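Take a look at the structure set out below.
The values are calculated or read from the model by the stated rules, or taken from the named source; none is laboratory data. Small disclaimer: the values here were computed from a predicted structure and weren't measured. Cβ: placed from backbone, ideal geometry, glycine included. Neighbour counts: every protein chain shown.
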Amino acid sequence: MRQTILPALAFAAGAVVASHEKIDIDHLYNSRMMKRGVDAAGNFNMSFFHINDVHAHLDEFSSSGTDCTRPERGCFGGYARVKHAIDELRPQYENSLFLDAGDEFQGTLFYTFYKGEKIAETVNQLGFDAMTLGNHEFDGGDDELGEFLLNLTFPVLSANIVSTHPALNKTILPYKIYEKHGVAVIGCTTQTTANIANPGPGTEFLDVVSSVQRAIDEIHATTDIKRIVALTHIGYTDDQALAAATTGLSLIMGGHSHTPLGTATPAGTAPQGDYPTIVKNANGDDVFVVQAWRWGQYLGYIDVTFDEEGHALAYHGGPIHLTNKTAEDAALKAQIKSWRGPFEEFAAEVIGFTNVELVQSTCQTEECTLGNVMADAMYEYRASEGADFALVNAGGIRAGIEAGDITRGNVLISFPFGNAITELKFSGADVRRILEGCVSRVNQFNGRPVTSGFQVSGSIKIQYHPALAVGSRLVSVLVNGEEIDDDAEYTIVTLDFLAGGGDNIFELTTNFIPLDLQDEVLTRYVRDNNPINAQIEGRIEVVDTVPTVPTTTAGCVSRVNQFNGRPVTSGFQVSGSIKIQYHPALAVGSRLVSVLVNGEEIDDDAEYTIVTLDFLAGGGDNIFELTTNFIPLDLQDEVLTRYVRDNNPINAQIEGRIEVVDTVPTVPTTTAVPTSTRPPYIPRSKTTTTP
């Protein structure tokens, strides 16, 4: 196959070197071109520059995302660098777009102090062709976002957002067609926004895949446009799923998951995929998926060759690293610096000192030192009032704090949401279910995904086994050194955001009182406990074994109905066509280990018919939920009489139909919190028949 170096490639090794670190270029002719032998000169070449998850990093920053105070250690990003780079690059490309994949809000004092005002003023100077919305754009509610959108000078795209809010309804478009380039850009936003941000009641987030496909179909039906790309804020994994489930897309530029791809590998970071990652769509065509990590440290660049039908044939490009070797736009730099004045004196106040780095980067998947400090601060704040432990969502911990002085600015950057502390009271049994939801990432009350990791205070210790089934992973809970009592009441110190249903850790409640603000509670704790020496203490521990217990033939495995939470008031027996294993030392609601039906592991997606009694079908002993959708058949005694006659003589044996086990499958120890959203297995009758 003849390889034709695309025109833009020459620039990558030339002009860029003058003011940027050299771009590492990947060059691929994909399977479609190789099969067809298409001459690249006969197709359309288009360049895309993209950025995502800037999170209010208007100015340059250190490797941890905080203000760059030590240039010798490296300064990165900042919109003055982005502007200089894009102003130098774009004139080299006749056909190019510059796109923003969302989450401009939240992360530095530029947002905390100014909200969206200065962000809008900045991005309007960058020459963006479009932006999609991230979940953090909704943190301040629809009114705040609406004001921001009305101040933008470029289109905002999200095909799966429907809103009755006047400003949002006026400004958010499903897609934009760029006639000059013969290309359409479709936007979309993560459906989890309703759970992890604060959109108004009139704003909905529809299914991403169907919304994007509907937009593609509309473009095909109403225009001659063949080249269609997506600008998304749904995460790298979901971007790949979107590519695979749709037809008509050739390129997806994403955000939300802060995923390093290709050469976007700053110190201590490994790439999590190729740039681009190539996915086959529903028709078997190639779709290129890209993302540019986070904060504006990298400017994404990909050059795509399309055939006449809009299929992606070839690419070259790579993430451009914006370091202190990269020049800055002087005018924008000065403007951003001038905005610091009103908040810099307040932010510079030193409130304490930490002897260790307070790490944020691991908070979503394991115990982290900054999470420990925050949770301990919350617990100490209410311990004298009888609090038992504190729980905070990892998603609310936005940046680490380096060893050294701790300033008010550090606190506000790390915890920028303005959440208030509150308290919730639960029975021990419900605390188990809440924590089971956290380690299984599925809420055990409503069956929906938990959308954040978690951190806890030192007054609680949790052990879980990630190889067990979702809904059955919690192994042990100690509160103040004692095993949790299912019948006792416990007070959890948490955030008003979580109490209101955020991240689906708790069920939505309005029965709570907001107390002091999170940042003020942490500030007092740092002052009172100066210096900070936070350590990893095993508060959230992964185990690959569970305690052994004597074998017993106790009845129902947890004796608590998993649909209504009330006690099951009888043991149970089963036919020889089913075999059940359970571990009575595991937490209530987490004891079931294995179910075989007719010798095969039960299939969560299949339908099963259970033969039982009308008494049980009607809610007796609380084994099933009450139902009237059953038909009484023969009487129990008549059925047994016929069975005895037909199987005379009877030689019944204990066969291990209901078996107690004291081990579970072992897996390599890992501190990663599972991300499966499969609901917990609970034996439930789809069709209940009575003899």
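Of all residue pairs spaced 6 or more apart or on separate chains, those with beta-carbon atoms under 8 Å, a first member in region 280-306 that is in the same structural domain as His233 (by the TED database) and free of Cβ contacts under 8 Å to residues at least 40 places away in the same chain and a second member that is assigned to a strand (DSSP E or B) and charged (D, E, K, R) are Lys280/Asp286.
Yes/no matrix, rows are residues, columns are (1) of a type outside the set (A, V, I, L, M, F, W, C); (2) in contact (Cβ under 8 Å) with a residue 40 or more places away in the chain:
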| position | (1), (2) |
| --- | --- |
| Arg73 | yes, no |
| Ala80 | no, yes |
| Leu89 | no, yes |
| Ser96 | yes, yes |
| Ala101 | no, yes |
| Thr108 | yes, yes |
| Lys115 | yes, no |
| Val123 | no, yes |
| Leu150 | no, no |
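For Phe61, are the conditions met, namely being outside the structural domain of Ala312 (by the TED database) and at pLDDT 95 or above? Criteria not met by Phe61.
Those helices (runs of 4 or more DSSP H) of region 168-252 in which 1 or more residues are under 21 Å from Asp142 (Cβ atoms) occupy 193-196, 208-222. Considering region 429-453, and only residues there that are under 30 Å from Tyr111 (Cβ atoms) and not β-branched (Val, Ile, Thr), the residue that is surrounded by the fewest Cβ atoms within 10 Å (Cβ to Cβ) turns out to be Arg448. Against the conditions (1) in a helix (DSSP H, G or I); (2) at pLDDT below 90, Arg524 satisfies every one except (2).
So that you can scan it fast, the table gives a plain yes or no per residue for (1) in contact with a Phe, Trp or Tyr (Cβ under 9 Å, 6 or more places away or on another chain); (2) not hydroxyl-bearing (Ser, Thr, Tyr):
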residue	(1), (2)
Ser476	yes, no
Thr491	yes, no
Leu498	yes, yes
Thr510	no, no
Glu537	no, yes
Cys556	yes, yes
Gly565	yes, yes
His583	no, yes
Leu586	no, yes
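In the set Phe389, Phe426, only one residue is surrounded by 24 or more Cβ atoms within 10 Å (Cβ to Cβ) and of a type in the set (Phe, Trp, Tyr); that residue is Phe389.
Of the residues examined, Leu586 is not one that is closer than 21 Å to Phe445 by Cα, at pLDDT 85 or above and crowded, with 17+ Cβ neighbours inside 10 Å. When Glu600 is tested against the conditions (1) at negative phi; (2) surrounded by 16 or more Cβ atoms within 10 Å (Cβ to Cβ); (3) out of contact with any strand residue (DSSP E or B) (no Cβ under 8 Å at 6 or more places or on another chain), the lone failure is (2).
For region 75-96, the condition of being closer than 23 Å to Tyr175 by Cα, modelled with pLDDT of 95 or more, among the charged types (D, E, K, R) and in contact with a Lys or Arg (Cβ under 9 Å, 6 or more places away or on another chain) holds for none of the residues.
Here's the yes/no breakdown for (1) crowded, with 20+ Cβ neighbours inside 10 Å; (2) out of contact with any Pro (no Cβ under 9 Å at 6 or more places or on another chain):
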{"residue": "Leu322", "(1), (2)": "yes, yes"}
{"residue": "Phe353", "(1), (2)": "no, no"}
{"residue": "Ser361", "(1), (2)": "no, yes"}
{"residue": "Glu367", "(1), (2)": "yes, yes"}
{"residue": "Val373", "(1), (2)": "yes, yes"}
{"residue": "Glu380", "(1), (2)": "yes, yes"}
{"residue": "Ala399", "(1), (2)": "yes, no"}
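Given the condition of a type in the set (Ser, Thr, Tyr), over 29 Å from Glu308 (Cα atoms) and surrounded by fewer than 24 Cβ atoms within 10 Å (Cβ to Cβ), answer yes or no: does some residue in region 223-235 qualify? Taking every residue of region 223-235 in turn, none turns out to be of a type in the set (Ser, Thr, Tyr), over 29 Å from Glu308 (Cα atoms) and surrounded by fewer than 24 Cβ atoms within 10 Å (Cβ to Cβ).
All conditions in (1) surrounded by fewer than 12 Cβ atoms within 10 Å (Cβ to Cβ); (2) assigned by the TED database to the domain that holds Val431; (3) touching an Asp or Glu at 6+ places or on another chain (Cβ under 9 Å) hold for Asn533, with the sole exception of (3). Would you check if there is a residue in region 494-502 being charged (D, E, K, R), assigned to a loop (DSSP other than H, G, I, E, B) and assigned by the TED database to the domain that holds Arg433? No, there is no match, as no residue in region 494-502 is charged (D, E, K, R), assigned to a loop (DSSP other than H, G, I, E, B) and assigned by the TED database to the domain that holds Arg433. Number of residues in region 434-464 that are more than 21 Å from the chain's Cα centre (by Cα) and more than 30 Å from Asp519 (Cβ to Cβ) equals 1. Determine which member of the set Arg566, Arg473, Arg524 is out of contact with any Ser or Thr (no Cβ under 8 Å at 6 or more places or on another chain), basic (Lys, Arg) and surrounded by 13 or more Cβ atoms within 10 Å (Cβ to Cβ). Among Arg566, Arg473, Arg524, only Arg524 is out of contact with any Ser or Thr (no Cβ under 8 Å at 6 or more places or on another chain), basic (Lys, Arg) and surrounded by 13 or more Cβ atoms within 10 Å (Cβ to Cβ). Taken together, Phe128, Phe205 contain a single residue that is among the aromatic types (Phe, Trp, Tyr), surrounded by 17 or more Cβ atoms within 10 Å (Cβ to Cβ) and touching a Phe, Trp or Tyr at 6+ places or on another chain (Cβ under 7 Å), which is Phe128.
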